[in-house]
């Protein structure tokens, strides 16, 4: 870790600390009811006193998010490659993809719940549907953005279509793929929570709804914070994977 990384990490910490301080002073001096808006200390105490519940409920949400994201990557990248390299598939499938993406996932969730039940499968499907679109769009954009000069050079060297894809197109598309993956992994968490809101017997989304129904606002906010941390950790995992796969890139060092 360089001095620049440490310095860049300080700025958000200072910002978050300032927000928490203002929040604490606001709730304390104005006497805001903790049911309406708990203070940061109330939320911290709820997290500490209910850490076992929060940890237990984080696991299904984590699994749903990761598996949904992994499924979106496994299906989305090959789909995008086919769409980007075939004019027929692009004209046939891309409009359908746009049309299905415009449907709110909250509206589709009850139908998916009927099809797949209250278990993990329905949450995984919703997380997949939410994460699928940015993977496809960014990967297809990356495939199309391959420099023409590199393609012509590869063809002049009599490279096969597979070699051009593996040695030229795919490496050139990697920055786009990881850009889509960063968006998709956070959306996967949102998709999993949407599924838990609609119908679930576990997960942080279900815990948040339960705490709200019991007017336990500190616990509800604690679940919200844990969801945020889960999203940040998954985003960080994608960033680490990007640095491992693309060591030549200086992404994340500015």
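Compute the acute angle (0 to 90°) between the alpha-carbon long axis of helix 40-49 and the principal axis of greatest extent of the alpha-carbon atoms of the chain; round to the nearest 10°.
90 degrees
With an 8 Å cut-off on Cα pairs and a minimum separation of 6 or more residues, tell me the relative contact order of the stretch 119-254 in percent. All intermediate terms of the calculation are to be shown ahead of the outcome.
Working: 132 pairs, mean separation 37.8, N = 136.
RCO, the stretch 119-254: 28 percent.
Please list log₁₀ I(q)/I(0) at q = 0.12, 0.26 Å⁻¹ for the stretch 35-111, using the Debye equation with identical point scatterers on the alpha-carbon positions.
Once normalised to I(0) and log-transformed, intensities are -0.64, -1.15.
May I ask for the angle, rounded to the nearest 10°, between helix 87-101 and the longest principal axis of the chain, with both axes built from Cα atoms and the value confined to 0 to 90°?
10 degrees
Relative contact order for the stretch 13-109 using alpha-carbon pairs under 8 Å, separation at least 6, rounded to a whole percent? Intermediate values should be presented prior to the final figure.
Details: 21 pairs, mean separation 10.7, N = 97.
About 11 percent, as a whole number.
Please work out how much length the chain gains when fully extended from residue 144 to residue 241, using 0.36 nm per residue of separation minus the C-alpha to C-alpha distance, in nm with one decimal. Present the calculation step by step, with values, prior to reporting the outcome.
Numbers: separation 97, 0.36 × 97 = 34.92 nm, distance 2.31 nm.
Going from the current span to full extension adds 32.6 nm.
Test of understanding: extend the Cα→C-beta vector of residue 163 to 7 Å, then name every residue of the stretch 110-151 with backbone N under 16 Å from that spot.
Correct set: 150-151.
For helix 105-116, what angle does its Cα long axis make with the longest principal axis of the chain, in degrees from 0 to 90 and rounded to 10?
It works out to around 90 degrees.
Quick check on the exposure proxy: order 177, 244, 164, 194 from fewest to most C-beta atoms within 10 angstrom. Each step should come with its number before you reach the end.
Working: 177 24, 244 8, 164 18, 194 21.
Arranged by neighbour count, lowest to highest, 177, 244, 164, 194 become 244, 164, 194, 177.
Arranged by the count of other C-beta atoms within 10 angstrom, fewest first, what order do 11, 26 take?
Numbers: 11 9, 26 12.
Fewest-to-most Cβ neighbours within 10 Å comes out as 11, 26.
Would you mind calculating the relative contact order of the chain from Cα pairs under 8 angstrom and at least 6 residues apart, reporting the percent as a whole number?
Numbers: 289 pairs, mean separation 65.8, N = 254.
Computed value for the chain: 26 percent relative contact order.
Would you compute, from DSSP H runs of 4+ residues alone, the mean residue ellipticity of the chain at 222 nm, taking -39500 (n - 2.57) per run and dividing by the full residue count, rounded to the nearest 500?
-27500 deg cm²/dmol
Determine, for 23, 51, the number of other Cβ atoms within 10 Å of each Cβ, and report the residues in order from fewest to most.
Values: 23 17, 51 12.
Neighbour counts put them in this order, fewest first: 51, 23.
What is the ratio of the Cα radius of gyration of the chain to 2.2 N^0.38 Å, with N the residue count, to two decimals? Mind dumping the intermediate values first?
Details: Rg = 22.0 Å, N = 254, 2.2 N^0.38 = 18.0 Å.
In units of the 2.2 N^0.38 Å rule of thumb, it is 1.22.
Every number here is computed from the coordinates shown, using simple stated rules; none is lab data. Small disclaimer: the values here were computed from a predicted structure and weren't measured. Neighbour counts run over all protein chains shown; Cβ positions are idealised from the backbone, glycine included.
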